[in-house]
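These notes are about the structure you will find just below.
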Amino acid sequence: ELLSRLEDPSAVLNALPQSSSTPELHLHLEEGENVALIAKLQRDAKFPDAEQIVTIDGLRVEYADGFGLARSSNTTPVVVMRFEGESQQALERIQNDFKRAILAAKADAALPF
């Protein structure tokens with residue numbers, strides 16, 4: 001409704017920042033490993049370039065140019081992940097930070113990225 005009041009609503013939409021993001025990614029584990037992995041990441045993982053780390057319902061790491069999110073599924077033995085960056089380079093850097101942290105916690109993790 002608000003956009004319909006503007007002379008050029010497309011200009012508003014086109015001015016929104018563009019970002020690169022992943023779909024929902026799943027790290028498949030054995031029963032209970034998902035919960036243990038998230039707990040270990042919350043406790044031990046280091047993200048030196050992060051602006052904020054939120055540990056409510058998983059692990060969300062906020063960067064100046066994006067975020068990474070990992071949380072344990074409530075219904076299946078899966079860690080659900082999503083990543084977003086203001087550029088493809090930022091997205092890849094954030095995924096690499098999570099890859100490093102996850103592999104440090106579980107060296108045999110078959111990451112989906």
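A few comments on the model shown:
- Theoretical FRET efficiency, 1/(1+(r/R0)^6), r = Cβ-Cβ of residue 28 and residue 6, R0 41 Å, to 0.05: 0.35
- Carbon plus sulfur fraction of accessible area for the chain, probe 1.4 Å, in percent: 51
- Protection proxy ranking, peptides 22-30, 66-74, 81-89, average beta carbon neighbours within 10 Å, highest first: 66-74, 81-89, 22-30
- Rounded accessible area per residue of the chain, 1.4 Å, Å²: 62
- Euclidean distance between Cα centres, the stretch 49-99 to the stretch 1-47, Å: 8
- At an R0 of 30 angstrom, the distance between the Cβ atoms of residue 19 and residue 54 translates into a FRET efficiency of 0.95.
- Cα gyration tensor shape of the stretch 1-91, rounded if a/c is under 1.5, else prolate or oblate by comparing a/b with b/c: prolate
The values are calculated or read from the model by the stated rules, or taken from the named source; none is laboratory data. It should be emphasised that the depicted structure is a prediction, and the values quoted were computed from it without experimental measurement. Glycine also receives a Cβ, built like all others from the backbone with ideal geometry; neighbour counts cover every protein chain displayed. We work out accessible area using only protein heavy atoms, side chains counted, and drop any ligands, DNA or RNA first. Shrake-Rupley method; radii C 1.70, N 1.55, O 1.52, S 1.80 Å.
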